[in-house]
Amino acid sequence: MAPLTHNMSSETGDPSQAELDWLARCIRGGFGLVITAATQVLSGGRCWLGQPALVTPFQQNAFSTLAKTANENNALVLVQLHHGGLRAASDLNDGAAPVGPSEVQPGGRYDLGVTELKDKDIYELIEAFVRSAQRAYDAGLHGVELHAAHNFLLCNFLNPTLNKRTDQWGGSVKSRSRFLIEIIRGIRARLPRQFLVGVRLSPESYANIVGIKLDNQLAVTRLLANEEIDYVHFSMGDTFKSAKDKPNSDLLTELSKAVPEHIPLMVAGNIHDGIDAEIALEGGADLVAIGSAALGNPDWVKRINNSTPLVCPPYTKHWMIVQGFTSQGLDYLMSHPSLIEPVDVE
Ligand SMILES: Cc1cc2nc3c(=O)[nH]c(=O)nc-3n(C[C@H](O)[C@H](O)[C@H](O)COP(=O)(O)O)c2cc1C
C-alpha cells in the first residue's frame, strides 16, 4: 500500500485511534507491505494539520500497535519519514518560513521566502531522521521509507534548480544526494541490517514543479544502489505514461532499464486493479504500490484474490466514514480532485 496522508493525527502528531484502526484494516485486508503516511521526524517541516509524527515515546507506542497487527497478519509496516522543506506550511510551523537547500527571497510562490539550512541544521536533521528510524525499530516496525519525492526537503536537495549550494551538500549529483545518503548510512550504522530502508523519489517534474529531471534521478538511483537500501520507490503519478524527457519511451521502461538489478523497483500511480498491477509488473516493476484504490478498498488484495469487484472513486462520504475516516480525514481527502463524491447520492 502506497503512503497515504489522511490528516487524522492530532496537531502535535499523535496518531489517532481512527488512523491506527484504518491502517490495521488495510493490514488485515491483505496488503503485504503497508507504508504509512508522511510522518514528521522533528517538530519543524510540518505540512498538514493532522500529520503524524514519530518523535515521542507516546507516538512510538502508537506505532507499535501496528507492528503487532502486521506480525499477526504476516505483513510488513514501514513508516514514511518526512520533512516538508519548501512545502512546509508556515502556519503549522510557528509562522516560520520554510527551509530548503538555498535561500529564496520573499515574494511570488514563497510569501516568507525560503531559509537556507546551515551545515549544523543539516546534521541535526540527519540525526532527527535516524532517531525516528530508531523509534520505528523500537516500536517493532519493519523499516522506514525516506520521502525524497514530491518537492519535499530531501527532494529539494536533489533538485539542481533549487539546490544552488557550493558546499558538500550541493554542486554535483553526489553532493546533492549526500543528505539522503548520510541518513541511510546513519540508520545502517545504528540498526540491524534486516530493518528495511526504502527511498521514494519523483522520477521527473510534475505539476508546476521545476528541475526534477529523469537523468538526474537515475544518477541518484545509481548512487543509492551502492548503499544498503532495500528498494527504490518511484512515485510515477501515472505508471504507464511516456517519459517527459524521452517522449518516445515510456517512463517505466526507462526506469526498469536503469535501476540496477539488485535494487527492487517499486512504482505507484494509476494502478487501480489487478490487471494494472500485472501490466506494471510485466513492464519491469518488482513491486507495485496502491494509492487511491486502497483508500476506498482497504481489503484491495483480498478483493483481487477473490475476484470481488472494487469500489471505484469518487467514493461517497458515507462509504469513507464506514471505512473509518473521521470528518478531519474526509475534509483532507476532499481536497484531492475526483477522490470523493462532493454530495452523497442516496
Ligand atoms: C489522499 C492522498 C494522500 C497521499 N499521501 C502521500 C504521502 O503521505 N506520502 C507520499 O509519498 N505520497 C502520498 N500520496 C501519493 C500516493 O502515495 C500515490 O503515489 C498517488 O496517489 C498515486 O497513486 P494512485 O494513482 O494509486 O493513487 C498521497 C496520495 C493521495 C491521493
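The values are calculated or read from the model by the stated rules, or taken from the named source; none is laboratory data. Given the structure is predicted, the values throughout are model-derived calculations rather than measurements. Backbone-built Cβ (ideal geometry, glycine too); neighbour counts: all protein chains shown.
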Open item on the list: Take the residues in segment 243-262 that are at pLDDT 95 or above and of a type in the set (S, T, N, Q); name whichever of them is surrounded by the fewest Cβ atoms within 10 Å (Cβ to Cβ).
Closed with: T253
- [ ] Report yes if G108 is in contact with a Ser or Thr (Cβ under 7 Å, 6 or more places away or on another chain) and on the phi > 0 side of the Ramachandran plot, otherwise no.
- [x] no
TODO: Please find, within segment 305-346, the residue that is farthest from the ligand (Cβ to nearest atom) out of those that are touching a residue at least 60 places away in the same chain (Cβ under 8 Å) and in a helix (DSSP H, G or I).
DONE: N305
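Please find, within segment 128-144, the residue that is nearest to A70 (Cα to Cα) out of those that are of a type in the set (D, E, K, R) and under 19 Å from the mean Cα position of the chain (by Cα).
R135
Listed here are the residues, each with its yes/no results for (1) within 14 Å of the ligand (Cβ to nearest atom); (2) closer than 27 Å to V267 by Cβ; (3) surrounded by 24 or more Cβ atoms within 10 Å (Cβ to Cβ); (4) β-branched (V, I, T).
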| site | (1), (2), (3), (4) |
| --- | --- |
| L4 | yes, yes, no, no |
| W22 | yes, yes, no, no |
| T39 | yes, yes, yes, yes |
| G45 | yes, yes, yes, no |
| V55 | no, no, no, yes |
| L66 | no, yes, yes, no |
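Need a quick list: helices (runs of 4 or more DSSP H) entirely within segment 162-239 having at least 3 residues that are at pLDDT 95 or above and among the basic types (K, R).
Numbers: elements: 173-176, 178-190, 214-225.
Fully inside segment 162-239 and qualifying: 178-190.
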TODO: Take the residues in segment 68-102 that are assigned to a loop (DSSP other than H, G, I, E, B) and within 16 Å of the ligand (Cβ to nearest atom), then tell me which one is surrounded by the fewest Cβ atoms within 10 Å (Cβ to Cβ).
DONE: A89
